[in-house]
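**Student:** Can you read through this structure? Questions will come right after.
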Amino acid sequence: MKKLTFAYESQSDLRILNTGHGWKVEAPQSGSRLEGGPLGEDIYQLEQFHCHWGETSAEGSEHTVDGRAYAGELHLVHWNTTKYQSFAEAAQHPDGLAVLGVFFDVGNESNDEIEKIVSTLSEIKFKGQFTDIPDVIDPTTFLPSGLGYWTYLGSLTTPPCNECVIWIVYKEPITVTEEQLVQFRCLSACSGEAEEFIVKNYRPPQPLGNRALRECNA
Ligand SMILES: NS(=O)(=O)c1ccc(NC(=S)OCCc2ccsc2)cc1
Ligand SMILES: [Zn+2]
């Protein structure tokens, strides 16, 4: 496979919202480009990023490596702007979306970029709430230093589970702290006063079936 290349803009005042299933940062970046690797000749543009986590740090990722789960997984969601006119249209085609998956390992160092997300969570405690992240966010900083990855053709991991995703899962995790994950679990799935914490929001891996898994050791 050709080398995967990415170029993101740094943006401030990105909107973060509580979807009821977790937090999601809307980051439509017409200036961003993800191309090469398994993406053929098409250019993919960043649309949003979000993450998945578990009730404890023993689980939380949506992919596992030789059966081992990580404490969580960040998804940078892109859509094919070469072929399609909108995200919704792209999500109807097998090559419509490209999602970069980055595993979370728990360590003693808090991840500064994730901390910019964590610092806004008290303002979006309830489902439907949103706020702007004052800090400048550079999606590049979410990526690990080692850029080896696995890739396969898969689906959205939440309904409608369209089979429209070229998955690119980095082998090297990034480090977050237990405290940062604890803050994720304090989000509420409800919009009203009732509190039902989003303690976990990951979908366990599904059978690979006859899909080919490829790897690139960048
Ligand atoms: N976890 S995931 O990265 O596979 C992932 C990414 C996006 C979505 N869904 C989004 S952004 O849906 C937007 C609405 C939509 C869905 C299909 S067509 C339009 C669901 C799961
Ligand atoms: Zn996801």
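The values are calculated or read from the model by the stated rules, or taken from the named source; none is laboratory data. Keep in mind it's a predicted model, so treat the numbers as computed, not measured. Every residue, glycine as well, gets a Cβ built from its backbone with ideal geometry; the counts of neighbours run over all protein chains shown.
**Student:** Collect the residues in region 40-70 that are of a type outside the set (Phe, Trp, Tyr), more than 28 Å from Lys83 (Cβ to Cβ) and not in a strand (DSSP E or B), keeping them in residue-number order.
**Tutor:** To start, the set of residues in region 40-70 that are of a type outside the set (Phe, Trp, Tyr) comprises 40-43, 45-48, 50-52, 54-69.
Narrowing further to those that are more than 28 Å from Lys83 (Cβ to Cβ): 54-61, 64-69.
Once the filter is applied, which keeps residues that are of a type outside the set (Phe, Trp, Tyr), more than 28 Å from Lys83 (Cβ to Cβ) and not in a strand (DSSP E or B), region 40-70 yields Gly54, Glu55, Thr56, Ser57, Ala58, Glu59, Gly60, Ser61, Asp66, Gly67.
**Student:** Further, regarding this structure: Within region 40-51, restricting attention to residues that are surrounded by fewer than 24 Cβ atoms within 10 Å (Cβ to Cβ) and within 16 Å of ligand 1 (Cβ to nearest atom), which residue is nearest to Gln206 (Cα to Cα)?
**Tutor:** Looking only at region 40-51, we keep the residues that are surrounded by fewer than 24 Cβ atoms within 10 Å (Cβ to Cβ), and these are 40-43, 45, 47-48, 50.
Cutting the leftovers down to within 16 Å of ligand 1 (Cβ to nearest atom) gives us 45, 47-48, 50.
Numbers: Gln45: 27, Glu47: 25, Gln48: 24, His50: 20 Å.
Here the residue is His50.
**Student:** Now, a different point. Which members of region 186-210 meet the condition of being more than 18 Å from Ala69 (Cα to Cα), surrounded by 11 or more Cβ atoms within 10 Å (Cβ to Cβ) and in contact (Cβ under 8 Å) with a residue 40 or more places away in the chain?
**Tutor:** The answer is Cys186, Leu187, Ser188, Ala189, Cys190, Ser191, Ile198.
**Student:** Tell me whether region 75-96 contains one or more residues that are among the aliphatic types (A, V, I, L, M), under 25 Å from Thr120 (Cβ atoms), more than 9 Å from ligand 1 (Cβ to nearest atom) and surrounded by 15 or more Cβ atoms within 10 Å (Cβ to Cβ).
**Tutor:** Of all residues in region 75-96, those among the aliphatic types (A, V, I, L, M) come to 76-77, 88, 90-91.
If we keep only those that are under 25 Å from Thr120 (Cβ atoms) as well, we get 76-77.
Next, from what is left, pick out any that are more than 9 Å from ligand 1 (Cβ to nearest atom): none.
No - not one qualifying residue is present in region 75-96.
**Student:** In the set Lys171, Lys200, which member is of a type in the set (Lys, Arg) and within 15 Å of ligand 1 (Cβ to nearest atom)? Give the derivation first.
**Tutor:** Details: Lys171 fails: within 15 Å of ligand 1 (Cβ to nearest atom).
Residue meeting the stated conditions: Lys200.
**Student:** Residue under question is Gly128, and the condition is that it be within 16 Å of ligand 1 (Cβ to nearest atom) and over 18 Å from the mean Cα position of the chain (by Cα); does it hold? Step through it out loud before you land on a result.
**Tutor:** Numbers: within 16 Å of ligand 1 (Cβ to nearest atom): yes; over 18 Å from the mean Cα position of the chain (by Cα): yes.
Against the criterion (within 16 Å of ligand 1 (Cβ to nearest atom) and over 18 Å from the mean Cα position of the chain (by Cα)), Gly128 qualifies.
**Student:** I need every pair where a residue in region 134-158 that is closer than 14 Å to Glu9 by Cα has its Cβ under 7 Å from the Cβ of a residue that is away from ligand 2 (no atom under 16 Å from the Cβ) and aliphatic (A, V, I, L, M), sequence separation at least 6 or different chains.
**Tutor:** Note: pairs meeting the criteria are Ile137/Leu14.
**Student:** Give region 164-202 a look and list any residue that's in contact with a strand residue (DSSP E or B) (Cβ under 9 Å, 6 or more places away or on another chain), within 24 Å of Glu113 (Cα to Cα) and of a type in the set (D, E, K, R), or say none.
**Tutor:** Answer for region 164-202, where residues must be in contact with a strand residue (DSSP E or B) (Cβ under 9 Å, 6 or more places away or on another chain), within 24 Å of Glu113 (Cα to Cα) and of a type in the set (D, E, K, R): Lys171, Glu172, Glu178, Arg185, Lys200.
**Student:** Could you check region 76-168 for strands (runs of 3 or more DSSP E) lying wholly inside it with 1 or more residues that are within 15 Å of ligand 2 (Cβ to nearest atom) and closer than 20 Å to Cys186 by Cβ?
**Tutor:** Answer list for region 76-168: 97-106.
**Student:** A follow-up question, please. Quick check on my filter: what residues within region 5-39 are touching a Gly at 6+ places or on another chain (Cβ under 6 Å) and in a loop (DSSP other than H, G, I, E, B)? Outline the logic, then answer.
**Tutor:** Step one: of region 5-39, the residues touching a Gly at 6+ places or on another chain (Cβ under 6 Å) are 5, 9.
Residue satisfying the conditions is Glu9 alone.
**Student:** So, one more: Out of the residues in region 140-152 that are surrounded by 16 or more Cβ atoms within 10 Å (Cβ to Cβ) and modelled with pLDDT of 95 or more, state the one that is nearest to Gln206 (Cα to Cα).
**Tutor:** Taking region 140-152 and keeping what is surrounded by 16 or more Cβ atoms within 10 Å (Cβ to Cβ), we get 142-144, 147, 149-152.
After this cut, where a residue has to be modelled with pLDDT of 95 or more as well, the list is 142-144, 149-152.
Details: Phe142: 26, Leu143: 25, Pro144: 25, Tyr149: 19, Trp150: 16, Thr151: 15, Tyr152: 13 Å.
Ranking the candidates gives Tyr152 first.
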